[in-house]
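J.: Got a structure for you, questions after.
The values are calculated or read from the model by the stated rules, or taken from the named source; none is laboratory data. This structure is a prediction, so every number in the text was calculated from the model and none was measured. Positions of Cβ are backbone-derived with ideal geometry, glycine not excepted, and every protein chain shown enters the neighbour counts. Heavy atoms of the whole protein, side chains included, go into the accessibility calculation; ligands, DNA and RNA do not. Shrake-Rupley method; radii C 1.70, N 1.55, O 1.52, S 1.80 Å.
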Amino acid sequence: MSSSTAIPPSRGIIPLPGSRRGLLIQAGLLAAVVLLGWWFWSNAQANMAARGLQFGFGFLDRSAGIPIGEHMIPYEPSDTYRRALTVGLLNTLRVAIVGIALCTVFGILLGLARLSSNPLLRGLVGGYIEVIRNTPLVLQLVFWHAVLLQLPSVRQALNPLPGVFLSQRGMKIPGLMADTALLVFLLAAVIGAIGWWLLLRREGARQIATGDRRSTLLPGLLMLLGFPGLALAFGFVPIVEWPELAGFNFEGGLALSPEFFALLVGLVVYTSAFIAEIVRSGIQSVHKGQWEAARALGLPPGRIMRLVILPQALRVIIPPLTSQYLNLTKNSSLAIVIGYPDLVSVANTSINQTGQAIEVITIFMAVYLIISLITSALMNWYNAKVALLKER
């Protein structure tokens, strides 16, 4: 008799190959999702019918009657819900784009200061980061809004810089008048920047091919400044509007409301603390041998950081940096706490007036999804550009 005996399968259990078992599990999950979706849709339709509502997006063409204090395009309360939601979307994009640019600059500077050899600077930045990261963002937004509301009145507005005024009504700064001269001037500046970029690419290819590289600083600056200079020489001079006190308010210039300014400052301060830690960890991930090799070549510290360390650290920095950009965009929805009319704020008012909650929530969820996908695609493209090339 054999020392090992076969164990018969349990009754009632049919052994299935792994592939079939996986297919059955996936089919069961898909059926559960479909049933859940059907139940949700049926329940939503029943509730809407009980309230005399019908699913659809026809309400977007009705007059909204929503007053929106800040708008980048012409808007009146008599306009449609479609235009009101568009105004809210533009307000969201406005604070998100400006916030991403500013928090990137401040985050990099704070990250470099976090690694400073000066113990005082390093300690101050470390304390700032710990306090900001461990304080709720909503509380910070309320704090900044309260601080701005405590500023002097318009007639006693603070004037920290020429043409810049801070008061209870927000910030007034010089602005450029939108006309043909401004368009031509900006186009000339873009042409100069593209020319410098093409010159950098040519010299980079030349260095790879021959090992020699010429400086692009002087010709690049000539293009960047020369083309706008030509525009000015031909009479395309942008007109700068300076804010001036007239009665009980300022006239001219660009106005930043207390709500927008508080939201922007809060998002930048909060997100830059996280970016600082990302930059610090990315730089510390580069082996110290890279520093030693660069110093052995006689490179100064600034060029070592710019040409040797940061290009390698970017491969570690970019993925979590993308997450922070997405977080900043989504955190801008907290603007409703301080009264800034972003997309979510306008959408909530639309829901209260129309009762079309499912449609409106679907709209702003789709909008945030599209913004996140576009941001991720751009950052993934840049990450692929700086990634190490695999050997074939």
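J.: Quick test for you: out of L183, L166, L232, pick the one residue that is part of a helix (DSSP H, G or I) and within 30 Å of the chain's Cα centre (by Cα). Spell out the reasoning first.
T.: Details: L166 fails: part of a helix (DSSP H, G or I); L232 fails: within 30 Å of the chain's Cα centre (by Cα).
The unique qualifying residue is L183.
J.: Still on this structure, please answer the following. Name the single residue that is surrounded by the most Cβ atoms within 10 Å (Cβ to Cβ) among those in the range 112-163 being in a helix (DSSP H, G or I) and in contact with a Ser or Thr (Cβ under 7 Å, 6 or more places away or on another chain). Steps first, please.
T.: Start the filter on the range 112-163 by keeping residues that are in a helix (DSSP H, G or I), which leaves 112-114, 119-133, 137-149, 154-156.
If we keep only those that are in contact with a Ser or Thr (Cβ under 7 Å, 6 or more places away or on another chain) too, we end up with 122, 154.
Details: R122: 14, V154: 16.
For the range 112-163, the residue satisfying everything is V154.
J.: Taking the range 57-82 as the search range and keeping residues that are β-branched (V, I, T) and in contact (Cβ under 8 Å) with a residue 40 or more places away in the chain, which one is surrounded by the most Cβ atoms within 10 Å (Cβ to Cβ)? So that I can check it myself, show each step before the final result.
T.: Going residue by residue through the range 57-82, those that are β-branched (V, I, T) are 66, 68, 73, 80.
Subsequent filtering for residues that are in contact (Cβ under 8 Å) with a residue 40 or more places away in the chain retains 66, 68.
Numbers: I66: 22, I68: 19.
Among those that are β-branched (V, I, T) and in contact (Cβ under 8 Å) with a residue 40 or more places away in the chain, it is I66.
J.: If you check every pair at least six apart or on different chains, which have Cβ atoms under 8 Å apart with a residue in the range 29-46 that is closer than 17 Å to T362 by Cβ first and a residue that is surrounded by 10 or more Cβ atoms within 10 Å (Cβ to Cβ) and among the hydrophobic types (A, V, I, L, M, F, W, C) second?
T.: Going by the 8 Å Cβ cut-off, the qualifying pairs are A44/F55; A44/I358; Q45/F55.
J.: Another question about this same structure. Identify the residue in the range 235-248 that is more than 34 Å from the chain's Cα centre (by Cα) and open to solvent by less than 50 Å² (accessible area, probe 1.4 Å) and, among all such residues, is farthest from F185 (Cα to Cα).
T.: G247
J.: While we're looking at this one, here's another question. Which residue out of L60, L85, L89, L36 is under 30 Å from P319 (Cβ atoms), modelled with pLDDT of 85 or more and among the aliphatic types (A, V, I, L, M)? Walk me through it before giving the result.
T.: On the way: L60 fails: under 30 Å from P319 (Cβ atoms); L85 fails: under 30 Å from P319 (Cβ atoms); L36 fails: under 30 Å from P319 (Cβ atoms).
When all the criteria are applied, what remains is L89.
J.: Quick one: which of E277, E251 is under 30 Å from F165 (Cβ atoms) and open to solvent by 10 Å² or more (accessible area, probe 1.4 Å)? Quick ask: steps written out before the conclusion?
T.: Details: E277 fails: under 30 Å from F165 (Cβ atoms).
E251 is the lone residue from the list that is under 30 Å from F165 (Cβ atoms) and open to solvent by 10 Å² or more (accessible area, probe 1.4 Å).
J.: If you scan the range 326-352, which residues turn out to be part of a helix (DSSP H, G or I), open to solvent by 40 Å² or more (accessible area, probe 1.4 Å) and either under 10 Å from G266 (Cβ atoms) or touching a residue at least 24 places away in the same chain (Cβ under 8 Å) (or both)?
T.: At the first step, the residues of the range 326-352 found to be part of a helix (DSSP H, G or I) are 326-337, 343-352.
Filter once more, so that each one left must be open to solvent by 40 Å² or more (accessible area, probe 1.4 Å): 327, 330-331, 334, 336-337, 348-349, 352.
Passing the criteria: N327, K330, N331, L334, V337, T349.
J.: Here's something else I'd like to know. Whether any residue in the range 253-270 is modelled with pLDDT of 85 or more, over 21 Å from L110 (Cβ atoms), assigned to a loop (DSSP other than H, G, I, E, B) and in contact with a strand residue (DSSP E or B) (Cβ under 6 Å, 6 or more places away or on another chain) is what I want to check.
T.: Within the range 253-270, one or more residues are modelled with pLDDT of 85 or more, over 21 Å from L110 (Cβ atoms), assigned to a loop (DSSP other than H, G, I, E, B) and in contact with a strand residue (DSSP E or B) (Cβ under 6 Å, 6 or more places away or on another chain).
J.: I would also like to ask the following. Scanning for something under 30 Å from Y340 (Cα atoms) and at pLDDT below 90, does the range 195-209 turn up at least one residue?
T.: The first filter runs over the range 195-209 and keeps only residues under 30 Å from Y340 (Cα atoms), leaving none.
Within the range 195-209 (the criterion being under 30 Å from Y340 (Cα atoms) and at pLDDT below 90), the answer is no, since none of the residues qualifies.
J.: Moving to a separate point now. State the number of residues belonging to the range 38-56 that are of a type in the set (A, V, I, L, M, F, W, C) and open to solvent by less than 80 Å² (accessible area, probe 1.4 Å).
T.: 5
J.: Restricting attention to the range 353-366, which residues are open to solvent by 30 Å² or more (accessible area, probe 1.4 Å) and in a helix (DSSP H, G or I)? Show your work before the answer.
T.: Pass one, the range 353-366, residues open to solvent by 30 Å² or more (accessible area, probe 1.4 Å): 353, 355, 357-358, 361-366.
Matches in the range 353-366: Q353, A357, I358, I361, T362, I363, F364, M365, A366.
J.: Moving to a separate point now. For the condition at pLDDT below 85 and polar (S, T, N, Q), what is the one hit in N118, N43?
T.: N43
J.: Out of the range 83-100, which residues are surrounded by fewer than 21 Cβ atoms within 10 Å (Cβ to Cβ) and of a type in the set (S, T, Y)?
T.: T86
Yes/no matrix, rows are residues, columns are (1) over 23 Å from G266 (Cα atoms); (2) free of Cβ contacts under 8 Å to residues at least 24 places away in the same chain:
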position: V138; (1), (2): no, no
position: L141; (1), (2): no, no
position: Q156; (1), (2): yes, yes
position: N159; (1), (2): no, yes
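J.: Separate question: Tell me the residue from R206, R214, R201 that is without any contact (Cβ under 8 Å) to a residue 12 or more places away in the chain, of a type in the set (D, E, K, R), outside any helix (DSSP H, G or I) and open to solvent by 60 Å² or more (accessible area, probe 1.4 Å), please. Break it down into steps so the answer makes sense when it comes.
T.: Details: R206 fails: outside any helix (DSSP H, G or I); R201 fails: outside any helix (DSSP H, G or I).
Residue meeting the stated conditions: R214.
J.: Here is a list: A193, A188. Which entry is touching a residue at least 40 places away in the same chain (Cβ under 8 Å), on the phi < 0 side of the Ramachandran plot and either open to solvent by less than 50 Å² (accessible area, probe 1.4 Å) or assigned to a strand (DSSP E or B) (or both)? It would help to see each step written out before you state the result.
T.: Numbers: A193 fails: touching a residue at least 40 places away in the same chain (Cβ under 8 Å).
Result of the check over A193, A188: A188.
J.: Among the numbered criteria (1) open to solvent by 30 Å² or more (accessible area, probe 1.4 Å); (2) under 12 Å from the mean Cα position of the chain (by Cα); (3) under 21 Å from I68 (Cβ atoms), which single criterion is violated by I374?
T.: Only one criterion is unmet by I374, namely (3).
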